[in-house]
1. Which condition number in (1) under 19 Å from the mean Cα position of the chain (by Cα); (2) under 23 Å from Ala201 (Cα atoms); (3) hydrophobic (A, V, I, L, M, F, W, C) is the one that Phe118 fails?
2. If you check Gly231, Gly209, which single one turns out to be buried (at least 23 other Cβ atoms within 10 Å of the Cβ) and out of contact with any strand residue (DSSP E or B) (no Cβ under 7 Å at 6 or more places or on another chain)?
3. Determine which single condition Trp278 fails, assuming it passes every other condition in (1) at pLDDT 85 or above; (2) under 24 Å from His36 (Cβ atoms); (3) not polar (S, T, N, Q).
4. Under the condition of being farther than 14 Å from Ile171 by Cα and under 17 Å from the mean Cα position of the chain (by Cα), which residue from segment 100-115 is surrounded by the fewest Cβ atoms within 10 Å (Cβ to Cβ)?
5. Is there a residue in segment 59-73 that is within 18 Å of the chain's Cα centre (by Cα) and not acidic (Asp, Glu)?
6. Kindly indicate whether any position in segment 271-282 is of a type outside the set (Ser, Thr, Tyr), crowded, with 21+ Cβ neighbours inside 10 Å, in a helix (DSSP H, G or I) and in contact (Cβ under 8 Å) with a residue 24 or more places away in the chain.
Amino acid sequence: MAAFPLLLALPPAALALLAALLLSLWVIFTRMVMRHEKDYVAAGTGMEIFSAIAVLLVLLLGLFPAQPNLPAAIPPEGWLIWLSAIALYTAFIFITYKSQQTAEAGERTVVNQLQIPFALLLASLFLSEPITASSIIGAALIIAGAIVCTYRPGMLHWKTEGIRLAAFAAILTGAASLADKLALTRIPLVLYAIPLYIIPALLGLFWMGKNIAPRLSSAFSRNPFPIILAGVFSVASYLLYLLSLSQLPLSQVIVLFNTNVVLTAILGALILSEKGNWQQKLVGAVLAFIGAALVAG
């Protein structure tokens, strides 16, 4: 707890809001890279490499507070949860990078909120968590927000590859959020996060085969600072989210963390000049945020 005393002295709610801001910045910088990047595998792998370096430094330097009441050893079901999270997040990250070639930042973030109704369904099936009237209304508002954000008169915007991939990525991350919740009491969180970044980096390197060096070098030379910043923001956001989750009820964290929906819509217009249909995107983002708040109760 000695590391970053000012940061760790913040109230848990402030940590969740900071995590939301950093997630929005991650979306902005990855979109900044991907919208003009043909080699999304090389650029995405570069981001994951910097994320892996960042999370390893956090572990080695002891920058993340210890979790109380963890078991002495990871239980058998913990390994299954961990492997499931690795597979889900690995698929999610590369599908997300691909989707950001054609889906705008604000659109992708709103569509990604479809993870919440899916996670709600999984929690009901596997954790016996009740589905309330407010959560049903909230799920409907999230779906409505995704439709409002992406609807375009005279064209089927859902045929855009990036939008469809973002919807699929939302299903993956909805399932992964269940793994995150189950991991909280079974696995040290920084240790849990390490393969979520290292495995995608290694997979990307394997995917590029013999052309690793020229492809990575070429992608990095086109977007050096956005790639580095995206990698660091990804880790910082995720660890702050987990830290706030360890101190606050999940329902509160969901509401605070999902302010990133509105933040990303605004930042996408201001930083990326993605101002087309901006009123529509903002309405969709607000609907998705209200829906998340209702789901959280």
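The values are calculated or read from the model by the stated rules, or taken from the named source; none is laboratory data. This one's a predicted model, so the numbers in the text were calculated from it and none came from an experiment. Here Cβ is always computed from backbone atoms with ideal geometry, including for glycine, and neighbour counts include all displayed protein chains.
1. Of the numbered conditions (1) under 19 Å from the mean Cα position of the chain (by Cα); (2) under 23 Å from Ala201 (Cα atoms); (3) hydrophobic (A, V, I, L, M, F, W, C), the odd one out for Phe118 is (2).
2. Values: Gly209 fails: buried (at least 23 other Cβ atoms within 10 Å of the Cβ).
After ruling out the rest, the residue left standing is Gly231.
3. The failed condition is (1).
4. Ranking the qualifying residues of segment 100-115, first place goes to Gln101.
5. As a first pass, look at segment 59-73 and keep what is within 18 Å of the chain's Cα centre (by Cα): none.
No; the residues of segment 59-73 include none that is within 18 Å of the chain's Cα centre (by Cα) and not acidic (Asp, Glu).
6. Yes; the residues of segment 271-282 include at least one that is of a type outside the set (Ser, Thr, Tyr), crowded, with 21+ Cβ neighbours inside 10 Å, in a helix (DSSP H, G or I) and in contact (Cβ under 8 Å) with a residue 24 or more places away in the chain.
This table checks each residue for (1) aromatic (Phe, Trp, Tyr); (2) surrounded by fewer than 22 Cβ atoms within 10 Å (Cβ to Cβ); (3) within 13 Å of Ala236 (Cβ to Cβ); (4) out of contact with any Pro (no Cβ under 8 Å at 6 or more places or on another chain).
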| position | (1), (2), (3), (4) |
| --- | --- |
| Ala19 | no, no, yes, yes |
| Met32 | no, yes, no, no |
| Arg35 | no, yes, no, yes |
| Asp39 | no, yes, no, yes |
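Residue-by-condition table, conditions (1) assigned to a loop (DSSP other than H, G, I, E, B); (2) not polar (S, T, N, Q):
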site	(1), (2)
Val148	no, yes
Thr185	yes, no
Val190	no, yes
Ile194	no, yes
Tyr197	no, yes
Asn211	no, no
Phe220	no, yes
Ile227	no, yes
